[in-house]
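Notes to accompany the following structure.
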Amino acid sequence: MKLEKLFLHEKAVEVLLKIYEAEKSGEEAYPLSISKEVGSPYSYISKVIGIFEENALTESEFEGRIRKVRLTEDGKKIAELFLQLKQLLSMDLVTRKKIKELKKIVDSCNEQKGEELLRRILPVKAELEIIDSEDGEVLKMVEDLKNAIEEILNAS
């Protein structure tokens, strides 16, 4: 299970973020469209938005029978914090830890030469080749470490 799903499993966070995303893209947020996007009944979304309004996170306005929702300043701040938290929780923490360990091995190889160097650094290079991640920062870390390995190998 992804950490994001574990910590942010509540639909209320999704509702708040859908309103935020709509505003950021210059669109209006409507409970019915939010309901469809998050896959929850309209009645539930309407109830959540009502609770948001009671707590000064959103404001609603009716255009005929259609309800438009927008975030208050405090609602925007909270949505931004949730968005940051969601991004942090979606990081590939396991692979990041693995790369840090591999980097320690590579850093310890700077003074080694010949067969001992190859014995230590080639398995690290092989490990880096099989790393697959959706985390862009992890992919950059992998590429940087591969380049460092090439520099060490070229220097020896």
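The values are calculated or read from the model by the stated rules, or taken from the named source; none is laboratory data. Source: prediction; values computed, not measured. FYI the Cβ positions are ideal-geometry reconstructions off the backbone, even for glycines, and counts take in every protein chain you see.
General remarks:
- Hey, ARG67 part of a helix (DSSP H, G or I) and either more than 25 Å from the chain's Cα centre (by Cα) or closer than 30 Å to LYS146 by Cβ (or both) or not: no
- Test: residue in the range 85-93 that is over 30 Å from ALA148 (Cα atoms) and either free of Cβ contacts under 8 Å to residues at least 24 places away in the same chain or not charged (D, E, K, R) (or both): yes
- Any chance ILE19 is among the β-branched types (Val, Ile, Thr) and surrounded by fewer than 17 Cβ atoms within 10 Å (Cβ to Cβ): no
- Residue among LEU71, LEU88 that alone is among the hydrophobic types (A, V, I, L, M, F, W, C), at pLDDT 95 or above and under 30 Å from ILE51 (Cα atoms): LEU71
- Qualifying residues in the range 117-156 (those that are among the small types (Gly, Ala, Ser) and not in a helix (DSSP H, G or I)) - the one nearest to VAL106 (Cα to Cα): SER156
- Only listed residue being of a type in the set (Lys, Arg), under 14 Å from the mean Cα position of the chain (by Cα) and crowded, with 16+ Cβ neighbours inside 10 Å, chosen from LYS76, LYS86: LYS86
- Candidate set from the range 145-156 (those that are of a type outside the set (Gly, Ala, Ser) and more than 13 Å from VAL124 (Cα to Cα)); member that is nearest to the chain's Cα centre (by Cα): GLU151
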